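Following: one structure in structure tokens, then a few remarks.
The values are calculated or read from the model by the stated rules, or taken from the named source; none is laboratory data. Small disclaimer: the values here were computed from a predicted structure and weren't measured. Quick reminder, even Gly has a Cβ in these numbers, built from the backbone with ideal geometry, and neighbours come from all protein chains shown.
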Amino acid sequence: MIGRRATLATLTLPALGNGAWAQAFPDQPIRMIVPFAAGGPADIIARVVARVMSERLGRPVVVESRPGAGGVIGVDAAAKARPDGHTLVMASSGAIVILPHLRANMPYDPLRDLTPLGQVLGVPQIVSAAPGLGVRSLAELVAMARARPGQLAFGSAGIGSSLHMAGELLKLRTGIDITHIPYPGAAPAVTDLLAGRIQILLADVPALLGQIRAGALPALAVTAEQRIALLPELPTAIEAGVPGLVSETWYGVLGPAGIPPDRIATLNAAIRAATEEGEARRALADQGGRIVSDSPAAFAAFIRQTHSAWGEVVRVTGTRLD
């Protein structure tokens with residue numbers, strides 16, 4: 001939707017004005033900020049990509065965790081870094097295309113203050129229900145929610161998270177009345193779903209895959225445009241009768257605005273190599289998503305499109321942070 005092999009640092013060229021020689025890029029280790037806690041999906045994806053980038057660029061790409069505020073703290077650190085290509089962020093959709101519509105005091109403008117370098121992965125959500133609810137299809141879940149307005153609750157990984165907005169999108173596309181219960185992450189939401197304290201959860205594929213394969217949770221649909229390889233028997237939400245229920249948590253590499261074009265091209269080639277190299281590609285596929293190998297321009301267009309789409313969902317649903 002919406003490969004090239006990376007070259008090593010380019011030949012030095014005379015700098016304008018003073019006759020000095022520009023340095024090859026990169027000329028020092030590259031820092032890749034992960035705006036979430038270590039061990040989570042963003043961290044796993046960043047380390048896969050950083051390994052291949054290090055090999056292609058000939059310099060270490062060091063992963064640094066800067067969690068907080070739903071990813072905003074880490075993204076802001078990258079946005080305010082020197083635009084020389086040595087500071088990057090493995091961002092996810094929440095801090096780029098969702099939270100800017102919910103927070104009045106965003107410290108950066110995602111469309112102005114960042115340079116898209118390359119998307120890596122788009123991970124859809126699986127719609128699941130508490131085992132004791134007794135539903136085995138998305139149609140049954142929607143019918144139950146319509147018969148019991150306001151009585152069923154869906155969990156998320158926090159207000160403004162991709163999981164929260166996927167639940168709001170489910171409400172919007174079906175007209176059901178279900179109550180949002182935010183959690184500090186997907187794991188405690190899964191725990192409460194298993195215990196029946198919440199009845200519905202739309203969570204990224206890795207968060208639910210183990211419980212589904214073990215038979216502990218029913219998988220009702222996936223919010224992707226096409227079925228996913230890890231669960232080929234699982235219908236899409238569109239196939240299950242809910243048109244327009246398409247949602248994913250996407251991951252991609254960005255840097256501060258103002259990175260020189262030649263460095264953007266070098267970084268993009270290294271990022272794309274990570275999505276195409278055999279071992280790395282298999283590791284990314286294990287996250288259950290859509291592997292992306294695109295240009296900076298394509299990634300920028302994708303960000304604008306999803307920024308606009310989620311902004312409309314926020315507006316129509318009246319979603320708020322408080």
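Observations, loosely collected:
- Thr223 vs. criteria in contact with a Leu (Cβ under 6 Å, 6 or more places away or on another chain), β-branched (Val, Ile, Thr) and more than 30 Å from Pro83 (Cβ to Cβ): yes
- The residue that is nearest to the chain's Cα centre (by Cα), counting only those in the range 146-170 that are assigned to a helix (DSSP H, G or I) and surrounded by fewer than 18 Cβ atoms within 10 Å (Cβ to Cβ), is Arg146.
- Residue within the range 99-114 that is of a type outside the set (A, V, I, L, M), within 30 Å of Ile238 (Cα to Cα) and in a strand (DSSP E or B) present: no
- Residue match in the range 179-189 (condition: of a type outside the set (A, V, I, L, M), under 21 Å from the mean Cα position of the chain (by Cα) and assigned to a strand (DSSP E or B)): yes
- Lone qualifier among Gly155, Gly160, Gly167, Gly241 - being on the phi > 0 side of the Ramachandran plot and either among the basic types (Lys, Arg) or at pLDDT 95 or above (or both): Gly241
- When every residue of the range 52-62 is checked against the conditions, none turns out to be over 23 Å from the mean Cα position of the chain (by Cα), part of a loop (DSSP other than H, G, I, E, B), at pLDDT below 90 and small (Gly, Ala, Ser).
- Residue count for the range 210-238, restricted to those that are in contact with a strand residue (DSSP E or B) (Cβ under 8 Å, 6 or more places away or on another chain), within 25 Å of Val120 (Cβ to Cβ) and either in a loop (DSSP other than H, G, I, E, B) or modelled with pLDDT under 95 (or both): 9.
- Within the set Gly278, Gly289, Gly244, Gly255, the sole residue that is surrounded by fewer than 22 Cβ atoms within 10 Å (Cβ to Cβ) and in the same structural domain as Ser93 (by TED's automatic domain parsing) turns out to be Gly278.
- Criterion (of a type in the set (Val, Ile, Thr), under 30 Å from Asp27 (Cβ atoms) and surrounded by fewer than 20 Cβ atoms within 10 Å (Cβ to Cβ)) met by exactly one of Ile96, Ile73: Ile73
- Exclusive hit being within 19 Å of the chain's Cα centre (by Cα) and over 23 Å from Glu168 (Cα atoms), set Ala214, Ala229: Ala229
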